[in-house]
Each structure stands twice: as C-alpha cells, then as structure tokens.
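Q: Here's a structure for you.
The values are calculated or read from the model by the stated rules, or taken from the named source; none is laboratory data. Values in this document were obtained by computation on a predicted structure and should not be read as measured data. Neighbour counts are summed over all protein chains in view; Cβ atoms, including those assigned to glycine, are modelled from backbone coordinates with ideal geometry. Surface accessibility is based on the protein's heavy atoms, side chains included, excluding ligands, DNA and RNA. Shrake-Rupley method; radii C 1.70, N 1.55, O 1.52, S 1.80 Å.
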Amino acid sequence: MDGQRGNWSSNMGLILAATGSAIGLGNLWKFPFITWENGGGAFVLVYLICIAAVGLPIMMAELLIGRKTQKSAVGALKDAAGPMWGIVGAWGVLCGFILLSYYTVIAGWSLFYFSKSFGWMVSGFPSGMAMGDLFGEQSSNGALQLGLSFGFSIATVSVVYLGVQKGIERIARTFLPVLGVILVLLLFSALRMSGSGEALVFIFQPNFNELEPVAILEALGHSFFTLSLGMGCMVTYGSYISKTQSVVKASATIVLLDTLIALIATVIMFSVIFSVPGMEEQVGGSTVGMLFISLPELFFTEVPLGRFLGPLFYVLVALAALTSTISLLEVVTSYVIDEHGLARQKATLMCGGTVFIFTILAAISFGAVSGVSNLVVPGAIGETLFGGKIGWFSMADHFVSNWMLPTGGFAVTIAAGWFMTREDTMNELVDGTQPSWFRYGAWRFFIRFVAPTAIAAIIIAVMIFGVDFS
Ligand code: PFF
C-alpha cells in the first residue's frame with residue numbers, strides 16, 4: 001500500500017526508480033564526451049575507481065540516511081546528524097531546483113531530435129543538411145524551446161503528481177526495460193560497424209600518457225552527477241524504503257547498472273564516430289556537438305538501419321532524461337510535503353510551476369533573448385562562482401557542477417561518517433548483526449577518510465585553481 005508518505009512496493013521498485021534517476025543525460029551526453037576529451041581508456045579506468053571508492057560509499061550513505069529517518073532531504077539530515085544539518089538538506093533541495101530548471105531544456109532537445117529524425121525516417125534525410133546550423137536554429141528559437149521544455153515539464157509533473165508507487169515506480173518499471181532493449185539493439189548494430197574495434201580499444205585500453213591530473217578530478221566530479229548524489233536525491237528515494245529492504249544490495253545494483261549503461265552508450269557513440277573517416281577531428285568542441293550535431297547525420301548516412309535506429313536513439317535519450325527529471329522534482333516536492341505539510345498534488349503543481357519559471361530563463365539562454373543569453377556576473381564573484389560563464393544556462397550548470405554537488409557530497413560524507421554513530425549506520429547497513437570488516441568497516445573507512453579527502457581535492461581545485469567541471 002502507498003502509505004501517507006508513499007513507499008516502494010519492493011526492493012526492485014527502489015532499484016528501478018533510483019537507477020532511472022541515475023541513468024540520464026549524464027550517461028548519454030556528458031560521459032561519452034568527457035571520455036573523448038580525456039583520451040579514453042585511462043580516464044575510464046580512473047572513473048571506475050572513483051565510482052567504486054567514492055560514488056558507491058556515498059550512495060550507501062544517502063540511502064541509509066533516508067531509510068533510517070524516513071524523511072526527505074532536510075528533515076532526514078536534521079534527524080540523522082543534528083538540527084544544523086537541515087541547511088545541508090536545504091542546499092540539496094536548492095540544487096535539485098536549479099539543476100531541474102536547465103536539465104529540462106536539454107531533455108527538450110531530445111524531443112526535437114526525435115521528431116526530426118522520425119520525419120527523416122519517413123521522408124528521407126535531406127542531403128546537404130548542415131547539422132550545426134540546424135542545432136543553432138532550434139536552440140535559438142525561443143518559442144520552440146519554450147514549447148519543448150514545457151512539454152517535458154508537463155510529463156515530469158504528471159508522474160510526480162501521481163506519487164511514489166503509482167507515478168515514479170510505475171514509470172521506471174515500464175520505461176527502464178524499454179530503455180534496456182533499445183540500448184541492446186543499438187549496441188548490436190554498433191558492434192557490427194567497421195569502427196567498433198577502434199572504439200573498444202579507445203575506451204578500454206588505458207594509455208596513461210593521455211591522462212592529465214585534472215582529469216582525475218573531472219572523473220570524480222562526474223561520478224556525483226551521474227549517480228544523482230550530493231543533493232539529497234538518494235536520501236529522498238531512500239526514505240521510501242521499508243526497513244526490510246537492503247541498502248547495500250540496492251546501492252551496488254544501482255551503481256553497477258548506471259556504469260554499465262554509460263559504458264554501453266560510449267561504445268555505441270564511438271563505434272559510429274570511428275566508422276567514418278575523418279570524423280574524429282570534427283567531433284570535439286562541445287558536449288552537445290557529439291549528441292545533437294554529429295550523431296543525427298551519422299545515423300542517417302553511415303549506420304546500417306540507421307534511419308530506424310536514429311529515432312529510437314532519441315527516444316532513449318528522452319526516456320533516460322525523464323526518469324531523472326522526475327527524481328529532481330521529487331526532491332523539491334517531497335521537501336514541501338514533509339516540511340510544510342502540503343498535499344502531494346498541490347506541492348507538485350506548486351514546485352513544478354516555480355521551477356518552470358527558471359526553465360524559461362534556461363530555454364531562452366541560447367540566443368533567443370540577448371539579455372539572458374549574454375547575462376554575466378562581472379568581477380571576481382562571477383569568475384569564482386560561475387567561472388566567468390555567459391548566459392543563464394551556462395552559469396547555472398557551472399555553479400551546480402562545480403560548487404553545489406561537490407559541497408553537498410562532502411557534507412553527506414561528514415554527516416554519515418563523523419556525526420552519525422557507528423551503531424546508527426551499522427543498523428541500517430547490516431541490520432543489527434555484528435558484521436565483518438568487509439560488510440561494514442570498509443564502508444566506514446571509505447566514508448570517513450577516502451571520500452571526503454577526494455571531494456576536498458575537487459573543492460580546492462575549483463576554489464583555488466579555478467578548474468571547471470561543468
Ligand atoms: N544522474 C542524472 C544523469 O546522469 O543525467 C542527473 C541527476 C539526476 C543528478 C538527479 C542529480 C539528481 F538528483
């Protein structure tokens with residue numbers, strides 16, 4: 001039964017919903033690009049180590065805080081670590097709010113490319129179409145951008161409105177298998193392309209000469225984003241776990257699936273890219289370049305059966321993004337429900353509506369309205385907080401990726417490792433029995449020492465050396 005706050009119907013419900021949150025544009029849009037930028041294999045290896053040594057322990061910490069307190073971000077951190085920790089929860093809610101406001105815009109682009117590629121599937125790919133121009137035209141078309149992000153926001157709000165089991169869990173149960181099937185289809189087709197061998201070598205054969213030290217921090221920073229950590233999302237999802245469900249198994253499965261999907265997506269994209277002579281030189285430049293400029297054309301000109309696989313690929317991107325936007329809105333909404341006593345339906349509409357006001361700003365950041373596209377915070381503050389970025393979208397992305405997620409993640413490690421007692425955390429992870437070092441001590445060591453030290457390095461890199469992870 002959906003209780004007053006709602007809860008997952010089973011461990012599977014949690015795993016699917018949390019995996020849906022984790023798998024998103026981070027896997028399909030950001031990870032392949034940063035792997036490309038950082039020279040492949042060695043970066044992937046470092047990323048895998050970051051996921052295991054920092055991502056997994058924090059995933060367990062967030063889920064256990066949620067399970068223990070049965071409250072969303074603000075209330076959970078207060079209950080688990082002390083009244084002052086409510087601020088960290090609130091920081092997470094704010095982060096979810098901002099991230100959702102611009103994430104929705106990129107999600108909207110996937111709808112655009114789905115409809116375009118569907119049209120090309122039916123009527124043929126227009127020869128000589130300049131994909132860079134198409135991208136520029138669509139992203140600077142204010143009315144189109146508002147329409148696409150509005151459509152996506154409505155879909156997100158509708159699911160959260162229906163609640164934990166009837167909305168979020170049901171969507172994840174339906175869409176995740178579809179996403180898996182599409183991905184496997186694309187993978188098989190990619191592996192049959194001539195460039196797949198080169199792609200596999202690039203992704204899985206480490207060459208440490210290619211690796212810059214800062215790439216290690218970039219891998220670490222991305223592990224937060226991709227696992228939906230550092231902003232109370234997994235605390236909130238953990239609060240819907242019943243006391244009989246295992247945090248450890250769920251965490252391991254979510255982390256594994258997210259990593260697997262990121263790697264598969266990368267194999268698919270790079271197989272396509274390496275199959276076209278000279279394409280490597282054209283791909284670089286920007287994250288959007290790969291997903292929305294290079295790939296659409298390649299699907300229609302190079303990939304066997306690409307006219308069918310192209311539209312499918314953009315459905316995949318849209319579904320992955322939707323299960324993530326749902327979780328972002330849930331963080332904000334559940335805070336309003338728990339801390340301000342609003343009914344879910346009212347809270348969802350209120351939060352969804354307020355976030356959309358900021359989505360409008362992000363949607364018109366790509367040339368539609370010059371005041372927003374050219375927005376800049378001058379001076380040292382603008383440089384430090386927003387990396388000197390221009391336009392609302394880029395500023396928000398910079399602030400979230402470089403400041404909010406790492407500081408939020410750092411705070412969670414301190415709360416779980418240093419402020420919660422050994423008994424508190426042990427009870428949630430191993431349910432009262434005296435465990436071996438591997439079943440509990442290892443986690444405690446990583447959450448107390450390894451994870452905070454690693455994240456402190458990110459924060460120092462951003463603060464002192466101005467490194468940019470967005
Ligand atoms: N994990 C998502 C992705 O990889 O695209 C992004 C995200 C979703 C981050 C939800 C944080 C979050 F709470």
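Q: Explain nothing, just the number: dipole magnitude of the chain about its Cα centre with +1 on each Lys and Arg Cβ and -1 on each Asp and Glu Cβ, in debye rounded to the nearest 20.
A: 1320 debye
Q: Relative to the longest principal Cα axis of the chain, at what angle does helix 86-123 sit, 0 to 90 degrees, rounded to 10?
A: 30 degrees
Q: Consider a paramagnetic label point 7 Å from the Cα of residue 144 along Cα→Cβ; state which residues of the range 363-383 have an amide N under 20 Å from it.
A: 363-374
Q: Taking only protein heavy atoms and a 1.4 Å probe, what accessible area per residue, in Å², does the range 169-253 have with all protein chains in place?
A: Normalised by residue count, the accessible surface of the range 169-253 is 43 Å².
Q: Report, in degrees rounded to the nearest 10, the 0 to 90 angle that the Cα long axis of helix 344-363 makes with the longest principal axis of the chain.
A: 40 degrees
Q: Taking only Cα atoms of the chain, what ratio of Rg to Rh do you get with Rh as the Kirkwood inverse-distance radius?
A: Values: Rg = 21.3 Å, Rh = 22.3 Å.
Ratio of gyration radius to Kirkwood radius for the chain: 0.95.
Q: Let me ask something else. As an exercise, use a Förster radius of 45 Å and the Cβ-Cβ distance of residue 52 and residue 5 to find the FRET efficiency, rounded to the nearest 0.05. Display every interim value, and only then the final one.
A: On the way: r = 32 Å, r/R0 = 0.71.
With R0 = 45 Å, the Cβ-Cβ based efficiency is 0.90.
Q: If you don't mind, there's one more thing I want to ask. Run the quick spin-label model on residue 87 and residue 201: label points 7 Å from Cα toward the beta carbon, then report their separation in nm to one decimal.
A: So the two model labels end up 5.4 nm from each other.
Q: Next question, about the same structure. How many angstrom separate the Cα center of the range 80-140 from the Cα center of the range 154-225?
A: Spelled out, the Cα-based centre of one part sits 15 Å from the other.
Q: Sort 202-208, 144-150, 118-124, 456-462 for me by packing, meaning the mean count of neighbouring Cβ atoms within 10 Å per residue, highest on top.
A: Ranked from most to least packed, the peptides come out as 144-150, 456-462, 202-208, 118-124.
Q: Please list, in chain and number order, the residues 5+ apart from residue 391 or on another chain whose amide H is under 5 Å from its amide H, with Hs placed from the backbone.
A: Amide H to amide H, under 5 Å and 5 or more residues apart or across chains, residue 391 pairs with 375, 376.
Q: Relative contact order (percent) for the chain, with alpha-carbon contacts under 8 angstrom and 6 or more residues of separation? Mind showing how you got there, number by number?
A: On the way: 774 pairs, mean separation 150.4, N = 470.
Reported relative contact order: 32 percent.
Q: Same structure again: Which FRET efficiency, nearest 0.05, do residue 243 and residue 357 yield, Cβ-Cβ r, R0 41 Å?
A: Numbers: r = 39 Å, r/R0 = 0.95.
Efficiency computed from Cβ-Cβ geometry: 0.60.
Q: When the Cα centres of the range 1-79 and the range 239-273 are compared, how far apart do they sit, in Å?
A: 8 Å
Q: How far apart, in nm, are two points set 7 Å out from the Cα along the Cα-to-Cβ line at residue 345 and at residue 214?
A: 5.2 nm
Q: I would also like to ask the following. Once you list every other residue whose beta carbon is under 13 Å from the beta carbon of residue 422, what net charge do they have if Lys and Arg are +1 and Asp and Glu are -1?
A: Here the count lands on -1.
Q: Please give the length that would be gained between residue 445 and residue 301 if that part of the chain were fully extended, namely 0.36 nm times their separation in residues minus their C-alpha to C-alpha distance (nm, one decimal).
A: Residue separation times 0.36 nm, minus the Cα-Cα distance, leaves 46.7 nm.
Q: Using a 7 Å offset from the Cα along the Cα-to-Cβ direction at both residue 464 and residue 115, what is the distance between the two label points in nm, to one decimal?
A: In this crude label model, residue 464 to residue 115 measures out at 5.0 nm.
Q: Name the residues of the range 23-63 whose amide N is less than 14 Å from a point 7 angstrom out from the Cα of residue 424 along the C-beta direction?
A: Within reach of a label on residue 424: 61-63.
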